[in-house]
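The values are calculated or read from the model by the stated rules, or taken from the named source; none is laboratory data. Because the structure is predicted, anything quoted here is derived from the model rather than measured. Using ideal geometry, Cβ is built from the backbone for each residue, glycine included, and neighbour counts are taken over all protein chains shown. What goes into the accessible areas is simple: the full protein's heavy atoms, side chains included, and nothing from ligands, DNA or RNA. Shrake-Rupley method; radii C 1.70, N 1.55, O 1.52, S 1.80 Å.
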Amino acid sequence: MIDFTNYHTATFLTTYRCTAMCTECSLRCSPYDDSPILSFEQFADHLSRILKVLPSIRLVVFTGGEPFLMGHGLDKSISHCKKQNLRTRIVSNAYWAKDEEVAFARLSQLKEAGLSEINFSTGSEHQQYVSIENIINAVLAAAKLDMLALVNYETLEKDVPGKLAANEDNKIIKNNRIVEYITKNPEQKKYLFVFMGRWVPLDNSSVPYNRKSSVSKTILDRFQGCSNLFENIVIGPNGGLYSCCGLFVRDMPEFKLGNINKDDLLELLEKQKRDFLKLWLKIDGPKAILKQVISKSRNLQNCSEAIHPCQACRDLLSNPAMKEYLIENYEGTVNEVLLKLKLKERQREIVESVRSTDCIGLHQLDSANNLTKRPYIRNV
């Protein structure tokens, strides 16, 4: 029932090395990680293999670790995507944006290569290693280049009182340089967005969460079916293939499919289509499954304090008691999940049909307009 045409994104974890060394980084990235850095030649080979099996791919994401460590190979990779009419996105901590002039020069090179969009990660942890001024330099440079820039501002509960957490993004939105630029150039406002997130650590106990805080509640409200599964193919720096780009995927064997250098991608994806756990996560999402498991077993009442979908997923699959419950009881949900899956696929077919006929102009909704409809993203 899962159609390979659902896949629209290929995400490349270009390396696990990073210029920052954030405490409790979910992917354990640091300057001392010994993982390789993806080369252009490797990227081109991997992408070619992917497109042969998944020609529906429309977006390529470069993340990590820190993708700018690829150097000029990043530019060549983006140019390679442009030649194949693929959109591109980079996710970076902006360590390279020492001043606005440097940031503008670097992003100009990438725009010339064909870069469509850039995302920046910052917050309490990142700012111990990369100044918020780097982010300001980078987003201003992006705006001046008419390039969509989204900032993911992650907060720690211990840093900001719960109800004030959502205003932490004012460090960017109300920054004097940004306010001055947008005041003089209001038409450029459409290129800058700030997403308020929550720093999600490897160890839940290391950060005391207030589940009633504005940011926590917003993230909880987003818990639903996982939109990453069966839509995004993820490739690690060693060629490892993953089912999703979840925060803890590096340490979750359930989402490791194989290796693009050694295994047949089509066979791996066909096998995944028969993985009921992933179908279940796709349809109901980890929160709903976690809630069901906890409600059915008194022994598991306090087994999860997840405030993020990836935390819920990790808690489900890393807790032996929860995994045992899933194995023993999943058969009772099979028919319902498969029915929902069929309805979801039918809904997608109808939407695609509407888009193809353009009867209500859906194709004109660009990425920036779509972003403004998400309640957890603010335009500057």
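Annotations
- Of all the criteria given as (1) at pLDDT 95 or above; (2) crowded, with 20+ Cβ neighbours inside 10 Å, the one not satisfied by Thr122 is (1).
- Residue within region 71-83 that is of a type outside the set (Asp, Glu), closer than 27 Å to Thr155 by Cα and buried (at least 22 other Cβ atoms within 10 Å of the Cβ) present: no
- Looking only at residues of region 37-60 that are within 26 Å of Thr122 (Cβ to Cβ) and open to solvent by 10 Å² or more (accessible area, probe 1.4 Å), we find that the one that is farthest from the chain's Cα centre (by Cα) is Ile37.
- Contacts under 8 angstrom Cβ, first residue in region 332-359 being assigned to a helix (DSSP H, G or I), partner at pLDDT below 80 and open to solvent by 60 Å² or more (accessible area, probe 1.4 Å), 6 or more apart: Leu338/Met1; Leu341/Met1; Lys342/Met1; Glu345/Met1; Glu345/Asp3; Val354/Ile360; Arg355/His363
- Considering region 308-336, the residues that are among the hydrophobic types (A, V, I, L, M, F, W, C) and surrounded by fewer than 17 Cβ atoms within 10 Å (Cβ to Cβ) include one that is nearest to Gln224 (Cα to Cα), namely Val334.
- Across region 125-150, the number of residues qualifying as surrounded by 24 or more Cβ atoms within 10 Å (Cβ to Cβ) and modelled with pLDDT under 95 comes to 1.
Results for (1) closer than 29 Å to Asn238 by Cα; (2) open to solvent by 10 Å² or more (accessible area, probe 1.4 Å); (3) modelled with pLDDT under 90, shown as yes or no for each residue.
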{"residue": "Phe255", "(1), (2), (3)": "yes, no, no"}
{"residue": "Ile260", "(1), (2), (3)": "yes, no, no"}
{"residue": "Asp264", "(1), (2), (3)": "yes, yes, no"}
{"residue": "Leu281", "(1), (2), (3)": "yes, no, no"}
{"residue": "Lys287", "(1), (2), (3)": "no, yes, yes"}
{"residue": "Gln292", "(1), (2), (3)": "no, yes, yes"}
{"residue": "Ser295", "(1), (2), (3)": "no, yes, yes"}
{"residue": "Ser304", "(1), (2), (3)": "no, yes, yes"}
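- Checking each residue in region 207-247 for being modelled with pLDDT of 85 or more, under 15 Å from Gln311 (Cβ atoms) and either of a type in the set (Lys, Arg) or touching a Lys or Arg at 6+ places or on another chain (Cβ under 6 Å) (or both) picks out only Cys226.
- Out of Leu107, Leu86, Leu59, sole residue that is over 30 Å from Phe230 (Cα atoms), among the hydrophobic types (A, V, I, L, M, F, W, C) and touching a Leu at 6+ places or on another chain (Cβ under 8 Å): Leu107
- Within region 97-119, the residues that satisfy the criterion of being surrounded by fewer than 24 Cβ atoms within 10 Å (Cβ to Cβ), touching a Lys or Arg at 6+ places or on another chain (Cβ under 8 Å) and more than 9 Å from Ala138 (Cα to Cα) are Ala113, Gly114, Ser116, Glu117, Asn119.
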